[in-house]
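Down below is the structure, laid out as structure tokens.
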Amino acid sequence: MPIKKRTMKIRLWKLLAAGIISCSAEQAAAQQHPVYAQYLFNGMVVNPAYPSMDEFSSATVVARNQWVGMEGAPSTGTFSFYSPLKATRTSIGFLAMQDKITIYSQTGFHLNVSQKVKLDDKLFLALGLKGGMEQFRENNTHLATDDPVFAQDQQYWKTDIGFGFMLYSEKFFVGLAAPSFHNFDLGNSVNKVAFKRHLYLHGGMILDVNKDIKFRPGLLFRQVGGAGIQMDVNASFLFKNVLWAGVTWRTEKTAAAMMQLQLTKGFQLGYAYDFASAGYLNGIQSGSHELMLNYRFSFTKGKTLTPRMF
């Protein structure tokens, strides 16, 4: 390939990544912290205090393909596990994540610990901490260029720490979290990527419509670095403690429809379809797909598994 065409291809890949990040506040987070449609069923990705809200052990796998049909579009895979420690109010967990966009990838491994305190008969306060390592890669050799700036793949490891609080009862929760607490820059003077602190304020409640139907409204506010505040508004209905059906709307001009089906007492399968209402994405992609599989269980024999509301 002629040098001029190679250089043009490199610039196109770089522009695609930059365009995806800059034109959508959602993807600005996804380059650093992926945005999930079904985060309420996998809350540890947002708030390290989340495991303390659950009396049972839980393992969750999430696969997300964003903006299907667009070359170099983001894809994300996540595995999380947490479990309460017997005879304590402490929960421990593990979170692994990989996120890819064009030639960039991010892989993280984190340990999580949370502790809850009983404030009264129905109200609890939980504190969560997480720590781990994240690897950032820039696969420049895939660009097939003679430019020495892009002659080698770039790889960086960074420590990552975060914390969160949750105030909750059986009927509501309010949380505040910074799952990545520090800012840092990666790359060199030619290619520099800034990773910003993420802050989340989120909450929800559960309301009984009748004996068979429950309604769960929720809000999430997200602030990344010096950017403005982004908001998710979601609403879901639970039918006979078996089927969740809901929608989410985001101020980044995207929305999602989702369903979660309780296959057995322990297994839950979820699917979400995201679509963009912004004109700059229409006609060049066919939406985003997110698949979730969750398994909840107890190490204590004879303990009855109850449906999870949050």
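Values in this text are rule-based calculations from the coordinates and carry no lab data. Since the model is a prediction, treat every value here as computed from it, not as a measurement. Every residue, glycine as well, gets a Cβ built from its backbone with ideal geometry; the counts of neighbours run over all protein chains shown.
Maximal additional length on extending the Ser169-Lys303 stretch stands at 46.2 nm, based on 0.36 nm per residue less the C-alpha distance.
Our coupling estimate for the stretch 92-101, obtained by passing each phi through the Karplus curve with A = 6.51, B = -1.76, C = 1.60 and θ = phi - 60°, is 10, x, 9, 9, 10, 8, 9, 10, 10, 8 Hz, Gly and Pro reported as x. For the pair Leu119 and Tyr156, the difference between a 0.36 nm per residue extended length and the Cα-Cα distance amounts to 9.0 nm. Using only the C-alpha atoms, the convex hull of the stretch 227-310 corresponds to 128 Å³ per residue.
Counted residue by residue at 0.36 nm each, then reduced by the alpha carbon distance between them, the extension gain from Arg89 to Lys265 reaches 61.0 nm.
With a threshold of 27 Å on the Cα-Cα distance, the over-threshold entries among Lys86/Lys240; Lys86/Lys118; Lys122/Lys196 are Lys86/Lys240; Lys122/Lys196.
Model label sites at Leu127 and Glu71, defined 7 Å from Cα along the beta-carbon direction, differ in position by 5.2 nm. Applying Stokes-Einstein at 37 °C and 0.692 mPa s to the Kirkwood radius of the stretch 205-255, computed over alpha-carbon pairs, gives a translational diffusion coefficient of 267 µm² s⁻¹. For Met70, the residues whose amide H sits under 5 Å from its own are Ser286, ignoring neighbours fewer than 5 places away on the same chain, with H placed 1.01 Å from N.
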